[in-house]
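What follows is a short report on a single structure.
The values are calculated or read from the model by the stated rules, or taken from the named source; none is laboratory data. The structure presented is a predicted model; accordingly, all values stated were derived computationally and were not measured. FYI the Cβ positions are ideal-geometry reconstructions off the backbone, even for glycines, and counts take in every protein chain you see.
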Amino acid sequence: MAKRPAEMLKGTLDMLVLRTLELQPLHGIAVADRIRQVTGGTFEVGPGSLFPALHRLEQEGWIRGEWGVAADTGRRTRAYTLTAAGRRQLAAERRHWARIVAAVGQVLDQS
Amino acid sequence: MRQWHRFRELCRTIFRGTRVSRELDDELDDWVERLSERHRAEGISDDEARRRALIEMGGLTKVKEEAHAMRNGSQIESTTTDFKYAWRSLRRAPGFTAAAVLTFGLGIGATTAIFSVVQAVLIEPLPYRDSDRLLFIWADLADIGYPHAPLAGPEVAEFQSKASAFQQIGGVWATNATLAGHGDPEQLRVATVTADFFPLLGVDAMYGRVFGPDDFGQPVTPVLLSHALWQRSFGADASVVGRTITLNDRPAIVLGVMGPDFKLLFPPDAAVPDDLQAWIPGGARLAAQPRGQQYLRVVGRLKADARLVDGIEQVAAVGQGMIQANPGSYTPASRFYAVPMLEDNVRPVRPALLSIFGGVLILLVIACVNIAGLLIVRAAARRKETSVRLAMGGSWGRLLRQYLVEGLLLSLAGTAVGIFVARFALDLLTAVAPSSLGRVHTADLDGGVLAFTAITAMVWGVAFSLMPWAEVRRTDLQSVLQHDPRGAGTAVRARFRSALVTAQIALGLVLLVGAGLFARTFDRLLRLDPGFRAEGVMTFRVAPPFSRYPSRDAQNTFHRDLSEKLRALSGVTSVGAISHVPHDNLPNWATPYLPMGETDGSKSGLADTRTVAPGFFETVGARLIAGRFFDERDQAAPAVPVVIDELMAQRLFPGLDPLGQQFKVDLGGSGQMAPMQVVGLVGHLRHRTLTEYGREQLFVPARIVTRNPVAYAVRTSGDPVSLASAIREAVRALDAKLPVYDMRPLDDYLSQARASNLFTMLLAGAFAAMALVLACVGIYGVIAYAVGRRAREFGVRLALGARPGQVVSLVMRDGVRLLLAGTALGLAGAYGASRLLRSQLFDTAPHDPAAYAAAVIALAAATLVACLIPAWRAGRSTALRDE
């Protein structure tokens, strides 16, 4: 039982990151902050898991990381933007997610 | 678009690895900095803030590696990194790397080279069409010491007509012929073959054609030339086919030229040399020839539908019928048998080659054991490194791969060295191989064997290169890092490694004993008194043709004149002549003999027979036991005066004085016995093999029984080789058309007779030397490692007043214990294994004490020196001062 939520979370994490970046480009730590904030602390994404995830999404071509100078710290930082391919991927994941929710809901609502 | 993106990222990963890695570092730094700032904002000190940030990240190396693993092509990239890293780490330990690579190389190389020889000589089919259908047919006259006797004409004819399993049966015999008209007249080694012979082997000529049925009994003899003769004497001119040449002073027509690879491959004791220079047809009317004249070396080809066993059974049955039909011509135990050509061809060399092969396999095992030992020591040394890398967040998988790659790299380098070693060893082997290993020259590096040994070594190397990984996997990281890394969990490994070294010493001892036994055998052969003194004697052959020296008197006059001319040469002390040089490859001449009153032919003995001119026995220093040797006054009447050896005297005249006694001999193979009278008794000559005593020997005067060619022996007070040109000059002065050939020192024939023993001894010695070196490396490794582990302890002992000598002896005790265990095992192994060598030993017991003692002493001396180095270091331990 212990393993299954983690597996599901991996797919979920991708979707959450893509959705977060759909609104605006962000750097890594900010993505984690935003997810925690939006979910009201339900999802706490540790930087240790987020970092590889961002790089994986970038390799897929769904997001693009670009070096720039951060407005807040004035240091070189890497900000991530959603690409067109990422947008399509997010739409697909939304549909997929909706289907899962509906299906799971049907099972749960069954009397 | 997306594919393009992926491809670009892939290229970046592979080709811009450093840059990608730096960017990851930069980004991680940025993250850590942001997290720390957040903590600092909560009023936490700088260091603590950073520490918390790092904990949140969960191990920088690990995160970075994970992110990196997400990248396209990261597998490829990290593999190249692994290779680079492995290369660096191997280069940092040059001693270990060199030892491991060399051990791999020697093991792979030696095994491959030896097996390639085994393959070429023992396994590769003979170079004839469907050679597995070919059988030799021999007469077994074992009861008179002749297990591989050739056949007589009528016998071959009978097999041809009655053995229906055979498609063809043909025979060959080696003779000589003089080739004239091309510079100096030349004596050729010629084979006469029966009509079926070439079609039977399924070989054709390179130019022209081989003999057909119509070529037999022609007034002008057709002749086939060997490739070598064609190149040397006919300028490799293809138009020589159809030309008339002069052979034995008579015209002969060149029918064809054989290809460069064509050789008649007969067992060495068949007296058919493999360097024949020409072939002529012969053997017409086989059935009408005398049954006592056994001279044909016979080969049969089975019909396509006949089974091997049919052929073998038929030959035995037809032979049995012949023996029953002609009871007077055969001894009671005579029989005929057929044997597959390849099996018979390799019969004399198989035992030696197989024992050499066994030796090299032992060497390969020792090499593998050595590699295992080296890798285990390295594993121990890297315990701390491995633990630190794990603690820093390096993944188990990554480490595993790293060590795999390192093992792979080692075995690859070892294989490369191995190919080099094999190439070199094979060249060396073919150069020093005795002529009995005829086909060794066709040996080439066997790809299959190389692949097999290389893969074996690779699996072995890779398996043991995982030791450091398994080592740490088993133990608790904390304990390794916090405690002395040399302390924990090493007892099991130390025992395992000691076992490996014990095995190495034991196997090494087996090889040393083997080498010792072969060395003893060779020494015995060198010291053996063959019944003559070979040093200082030059030999050569001449064959005065009967066409120009038609009578016995003419031949005798020629030989008397030549002897006088030779005797007059400066430095020459004595001259003699004989029909066969000891240990040459001429067909043996054996004649049946009977006591005077005996008429039953089946009771006849068989004696090796030679014609001897006056002066020969004196020239080669044979031992006169009684009576006299030959002189120029010997007359055939009333009986032929003969010299016999002590064995024949004992058989014929037990308990009697042989001098003046008479007996009868069938010298011509015609069935007619002529009377002989003993004038001299000579010490037995080991003239055919050194290792066997041989048969009774009969020497008849060359003046009375003319043989052609004649071998001269010339003893000189100086170097026999320097005599060659003077000898040629002397012969030319007497007869300018007469070729002088086989000019060789008598010593040369003896060396050749010992060549295969020398070969075995050298190889066994080389294996033993390698095994000894590997055993030393092994025991040195164990002791040095143990000393390193106990350096502190020794330091304490020395500080407390122990004398260095006491510490040294403490360490040596470990070495001696390993040596004793290995020696005990090795002696038992050698005792068992050496029995297998019995057939190859001469005058040496398989448990020859001297060989065993020498092996043990050599092993003990070498390994103790190997132990002494680390022991001496321990005695001067400064471990305490270092701390």
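Here are a few things to note about the model shown:
- Residue check for B:R50: at pLDDT 80 or above, surrounded by 15 or more Cβ atoms within 10 Å (Cβ to Cβ) and more than 13 Å from chain A (Cβ to nearest Cβ): yes
- So B:D848, is it modelled with pLDDT of 85 or more and charged (D, E, K, R): yes
- Checked against the criterion of being facing another protein chain (nearest Cβ under 7 Å), basic (K, R), in contact with a Gly (Cβ under 8 Å, 6 or more places away or on another chain) and part of a helix (DSSP H, G or I), the candidates B:R6, B:R34 yield just one match: B:R6.
- Qualifying residue in region B:55-68 (condition: among the basic types (K, R) and within 14 Å of chain A (Cβ to nearest Cβ)): yes
- Scan of region B:9-28 for residues that are among the hydroxyl-bearing types (S, T, Y) and at the interface with chain A (Cβ under 10 Å from one of its Cβ atoms), ordered by number: B:T13
- Taken over region B:274-303, the criterion of being β-branched (V, I, T) and farther than 20 Å from B:F336 by Cα is satisfied by B:I280 alone.
- Count of region A:39-49 residues which are more than 9 Å from chain B (Cβ to nearest Cβ) and either surrounded by 12 or more Cβ atoms within 10 Å (Cβ to Cβ) or aliphatic (A, V, I, L, M) (or both): 3
- The selection criterion, being closer than 22 Å to B:G107 by Cβ and over 32 Å from the mean Cα position of the chain (by Cα), does not hold for B:V773.
- The listed residue being within 14 Å of chain B (Cβ to nearest Cβ), under 17 Å from B:L24 (Cα atoms), surrounded by 19 or more Cβ atoms within 10 Å (Cβ to Cβ) and out of contact with any strand residue (DSSP E or B) (no Cβ under 6 Å at 6 or more places or on another chain), out of A:Q59, A:Q89: A:Q59
- Tabulated pairs, region B:393-412, first modelled with pLDDT of 75 or more, second surrounded by fewer than 17 Cβ atoms within 10 Å (Cβ to Cβ), C-beta under 6 angstrom, 6+ apart or interchain: B:V405/B:F83
Residue by residue, here is whether (1) modelled with pLDDT of 85 or more; (2) in contact with a Gly (Cβ under 9 Å, 6 or more places away or on another chain); (3) of a type outside the set (A, V, I, L, M); (4) not assigned by TED's automatic domain parsing to the domain that holds B:A515 holds:
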{"site": "B:M812", "(1), (2), (3), (4)": "yes, no, no, no"}
{"site": "B:S839", "(1), (2), (3), (4)": "no, no, yes, no"}
{"site": "B:Y852", "(1), (2), (3), (4)": "yes, yes, yes, no"}
{"site": "B:A860", "(1), (2), (3), (4)": "yes, no, no, no"}
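- Which numbered condition B:L102 fails, given (1) at pLDDT below 85; (2) closer than 30 Å to B:S355 by Cα: (1)
- Checking A:R36 against (1) at pLDDT below 85; (2) within 9 Å of chain B (Cβ to nearest Cβ), the condition it does not meet: (2)
- When the residues of region B:618-656 are filtered to those that are touching a His at 6+ places or on another chain (Cβ under 8 Å) and touching a residue at least 40 places away in the same chain (Cβ under 8 Å), the one that is surrounded by the fewest Cβ atoms within 10 Å (Cβ to Cβ) is B:L647.
- Residue within region B:103-118 that is surrounded by fewer than 20 Cβ atoms within 10 Å (Cβ to Cβ) and out of contact with any Lys or Arg (no Cβ under 6 Å at 6 or more places or on another chain) present: no
- Positions within region A:56-99 being more than 18 Å from A:L18 (Cα to Cα), outside any strand (DSSP E or B) and of a type outside the set (G, A, S), in sequence order: A:D72, A:T73, A:R75, A:R99
- Among the residues of region B:246-270, those identified as part of a strand (DSSP E or B) and either within 35 Å of the chain's Cα centre (by Cα) or within 21 Å of B:A195 (Cα to Cα) (or both) are B:L247, B:P251, B:A252, B:I253, B:V254, B:L255, B:G256, B:V257.
- Number of residues in region B:834-853 that are under 13 Å from B:F518 (Cα atoms), of a type in the set (A, V, I, L, M) and part of a helix (DSSP H, G or I): the value is 4.
- Out of B:G283, B:G319, B:G359, B:G292, sole residue that is crowded, with 21+ Cβ neighbours inside 10 Å, not in a helix (DSSP H, G or I) and not aliphatic (A, V, I, L, M): B:G283
- Residues (over 30 Å from B:L758 (Cβ atoms) and in a loop (DSSP other than H, G, I, E, B)) located in region B:669-716: B:G669, B:S670, B:G671, B:Q672, B:M673, B:A702, B:R703, B:I704, B:V705, B:T706, B:R707, B:N708
- Entry remark, region B:519-536: residues being within 23 Å of B:G576 (Cα to Cα) and either out of contact with any strand residue (DSSP E or B) (no Cβ under 7 Å at 6 or more places or on another chain) or of a type in the set (D, E) (or both) number 7 in total.
- Restricting region A:68-85 to residues that are more than 7 Å from chain B (Cβ to nearest Cβ) and at pLDDT 85 or above, the residue that is farthest from B:F7 (Cα to Cα): A:A79
- Selection status of B:T386, assigned by TED's automatic domain parsing to the domain that holds B:L500 and of a type outside the set (F, W, Y): yes
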